[in-house]
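Heads up: the structure comes next, in structure tokens.
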């Protein structure tokens with residue numbers, strides 16, 4: 001049997017081959033985008049939890065845990081709503097770019113409570129010093145939290 005060389009018009013990929021490559025690439029891109037969203041949410045949640053750990057250490061380092069000291073601090077999506085001790089200055093990353101964060105710190109006497117979440121995250125983190133141990137509670141972020149605290153998120 002004699003092999004006939006392809007002419008210049010017959011060189012290249014067939015339509016079927018191109019469609020298969022395109023469908024494989026589309027599938028891979030779709031899978032990677034889904035995983036990317038999960039990684040972003042996880043990063044937002046880690047940031048919110050990290051702020052609680054940082055703030056507890058900060059309150060101890062500033063020696064604010066006297067029974068008479070009171071702190072009232074609330075950050076709502078880029079706006080410091082309440083700051084009784086200029087506390088935002090001790091949180092440089094939040095001071096520079098607070099977009100999407102909700103942070104509530106309340107210290108009355110020896111009791112310290114902190115609520116923290118990111119508006120693009122999946123969880124809300126709570127700390128209460130009256131629990132006795134260093135325990136951070138993790139709760140699902142509700143639509144009510146998002147509606148009241150994250151109205152103008154970028």
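The values are calculated or read from the model by the stated rules, or taken from the named source; none is laboratory data. Predicted, not measured: the structure shown is a model, and the values here were computed from it. Note that we place each Cβ from the backbone using ideal geometry, even for glycine, and neighbour counts take in every protein chain shown.
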- Note on the structure: Among residues of the range 113-134 being over 25 Å from residue 40 (Cβ atoms) and modelled with pLDDT of 85 or more, the residue surrounded by the most Cβ atoms within 10 Å (Cβ to Cβ) is 129
- Message: So residue 82 ticks every box in (1) in a strand (DSSP E or B); (2) out of contact with any helix residue (DSSP H, G or I) (no Cβ under 9 Å at 6 or more places or on another chain); (3) under 18 Å from residue 53 (Cα atoms) but one. Which box is left unticked?
- Response: (3)
- Item | Count of the range 43-57 residues which are in contact (Cβ under 8 Å) with a residue 12 or more places away in the chain and within 17 Å of residue 133 (Cα to Cα) | 6
- Checking 41, 77 in turn, the sole residue that is within 14 Å of the chain's Cα centre (by Cα), closer than 22 Å to residue 150 by Cα and modelled with pLDDT under 85 turns out to be 77
- Filter the range 87-112 down to residues that are outside any strand (DSSP E or B) and either in contact with a helix residue (DSSP H, G or I) (Cβ under 6 Å, 6 or more places away or on another chain) or crowded, with 16+ Cβ neighbours inside 10 Å (or both) and give me whichever is modelled with the lowest pLDDT. 95
